[in-house]
Amino acid sequence: MTPTSYAFGIVSAVLVLLVVIELLRRHRLRERHAIWWLVAGTLALIVGVFPDLLSWAAGLVGIEVPINLTFFVSIGVLFLVCLQHSAELTRLESKTRTLAEKTSLQEVEIRSLRERMDAADAASARPQPVRVTRRDD
Amino acid sequence: MGPALDRTLIVMPAFNEEGSVGAVVREVHAKVPGASVLVVDDGSVDDTTAVARAAGAVVATLPFNLGVGGAMRTGFRYAVEHGFDNVVQLDSDGQHDPESVPRLVDALQTADLVIGARFAGEGDYRVRGPRQWAMRVLAAVLSRTAGTRLTDTTSGFRASGPRAVRLFAANYPAEYLGDTIEALVIATKVGCVVRQVPVSMRVRSAGVPSHNPFRAAAYLGRACMALVFALSRPRATLRPAQAAA
């Protein structure tokens with residue numbers, strides 16, 4: 001491994017971590033969504049600083065080419081993030097569904113209240129020649 | 001007719017049905033006097049809301065299309081909020097005959113959920129091929145779950161009693177086929193009694209049921225999947241009746 005590629009690995013990992021932390025700091029990313037990216041960035045940083053760890057871990061699980069362990073773990077992390085997003089999407093959909101149902105029912109209520117108010121207004125305004133108050137719109 | 005109809009809300013999910021919804025609402029008013037009608041406009045882009053309102057129905061308009069499940073849950077919530085005991089689901093395309101509504105509501109005296117079955121003797125509604133197999137499989141499995149013989153589990157013409165209304169207001173499923181298959185499973189799991197009553201079907205005013213074999217096979221697959229997941233889900237909780245909030 002050349003010193004350049006060693007530095008490149010570390011710099012990439014630090015960059016990932018910085019971006020994630022900055023987004024978190026600005027409330028652009030919620031903690032529970034950031035967790036997998038933080039895990040991935042930290043792992044990349046550790047392996048970047050101590051490349052021998054990768055060979056050791058690969059040997060531990062019986063992977064002959066250490067880089068394959070990197071690919072395996074990366075795909076695993078991406079898979080988990082995707083799954084989390086699908087679950088989140090489902091949650092959001094069910095929330096919007098509930099909101100849509102509630103707004104439609106509230107519209108029905110508002111409509112019936114307005115009709116009653118209009119009827120009451122009309123009833124009280126009848127003796128007078130000019131209708132002064134109008135509360136809707 | 002009976003006082004039960006006064007406490008019955010007829011919910012009509014409608015998606016782009018301006019051509020038929022008005023006539024169906026008027027027919028319901030004529031044939032089922034006393035019952036209230038709520039049309040749930042499921043995000044239609046046509047004049048469904050205005051037509052239904054002009055025909056004399058209360059109309060809840062959803063801001064976008066939620067599917068029959070979402071429309072029906074809106075109806076169940078309205079029923080709970082306004083103190084209705086029973087909810088009858090009726091298609092707004094005119095394929096369900098409102099004349100059968102009193103019979104369905106009547107059957108609620110001995111059941112929590114009554115399904116208007118299309119093949120149980122009346123009418124001449126027929127399907128063939130994979131779609132029919134799918135319906136047979138569903139009927140067989142759901143009959144066992146419900147502990148009663150059901151022949152038409154995907155019928156959208158059904159009546160729910162007070163317990164089922166409270167259950168569905170909180171737990172009506174939104175997924176594909178959830179409004180028919182999964183709703184049945186949810187109800188039977190909390191111990192609701194299910195019955196079926198034969199009804200006749202009329203020809204749909206527009207469109208014919210699909211007989212494309214690929215579509216039918218996809219329907220079979222999705223129906224089975226919906227059934228397996230519905231059966232494996234944890235039981236919903238049925239809260240006891242509360243005084244009107």
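The values are calculated or read from the model by the stated rules, or taken from the named source; none is laboratory data. Small disclaimer: the values here were computed from a predicted structure and weren't measured. Every residue, glycine among them, receives a Cβ derived from its backbone with ideal geometry; neighbour counts consider all protein chains shown. Please note that ligands, DNA and RNA were not included when accessible areas were found on the heavy atoms of the full protein model with its side chains. Shrake-Rupley method; radii C 1.70, N 1.55, O 1.52, S 1.80 Å.
What the table below lists for this structure:
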| quantity | calculated |
| --- | --- |
| Approximate shape of the range A:3-123 as ellipsoid semi-axes (Cα gyration tensor, √5λ), whole Å, largest first | 55, 17, 7 |
| Chain A: angle of helix A:3-25 to the longest principal axis, Cα-based, in degrees nearest 10 | 20 degrees |
| Table column - 3J(HN,Hα) (Hz), the range B:4-9, Karplus curve with 6.51, -1.76, 1.60, x for Gly and Pro | 4, 5, 5, 9, 10, 10 |
| Listed residues B:201, B:12, B:72, most fluctuating in chain B (Gaussian network, C-alpha, under 10 Å) | B:201 |
| CD proxy at 222 nm, helix term only [per DSSP H run n ≥ 4: -39500 (n - 2.57); per residue of chain A; nearest 500] | -29500 deg cm²/dmol |
| Separation between Cα centres of the range B:75-89 and the range B:39-55, rounded to whole Å | 19 Å |
| Backbone HN-Hα couplings from phi across the range A:75-90 [Karplus 6.51/-1.76/1.60, Hz, Gly and Pro as x] | 4, x, 5, 4, 4, 5, 4, 4, 4, 4, 5, 4, 5, 5, 4, 4 |
| Label-point separation in nm, residue A:42 to residue A:124, each point 7 Å along Cα→Cβ | 6.5 nm |
| At most 11 other Cβ within 10 Å, DSSP loop - chymotrypsin sites (Phe, Trp or Tyr not before Pro), the range B:1-109 | B:64 |
| Residue-level accessible surface for residue A:33, protein heavy atoms, 1.4 Å, Å² | 40 Å² |
| Axial C-alpha extent at least 24 Å, average Kyte-Doolittle at least 0.0 - helices from chain B (DSSP) | B:129-146, B:213-232 |
| Relative intensity, log₁₀ I(q)/I(0), of the range B:1-141 from a Debye sum that treats every alpha carbon as a point, q = 0.18 Å⁻¹ | -1.08 |
| Computed label-point distance, nm, for sites residue A:50 and residue A:1 using a 7 Å Cα→Cβ extension | 1.2 nm |
| All aspartates and glutamates inside 18 Å of residue B:31 as judged from Cα atoms, apart from same-chain residues fewer than 8 positions distant | B:6, B:91, B:93, B:97, B:99, B:106 |
| Reachable lysines from residue B:189, criterion Cα separation under 28 angstrom, eight or more residues apart if same chain | A:95, A:102 |
| Of B:165, B:51, B:25, the one that fluctuates the most in a GNM where chain B has Cα springs shorter than 10 Å | B:51 |
| Orientation-averaged projected area, Cα convex hull of the protein assembly as shown (nm²) | 29.3 nm² |
| Cα gyration tensor shape of chain B, rounded if a/c is under 1.5, else prolate or oblate by comparing a/b with b/c | rounded |
| Computed [θ] at 222 nm, helices only, for chain B once each DSSP H run of length n ≥ 4 contributes -39500 (n - 2.57) | -12000 deg cm²/dmol |
| For the range A:41-105, the fraction of alpha-carbon pairs in successive 10 Å shells from zero, as % | 19, 30, 18, 14, 11, 7, 1 |
| Mean-position separation - Cα centroids, the range A:32-93 and the range B:139-178, in angstrom | 44 Å |
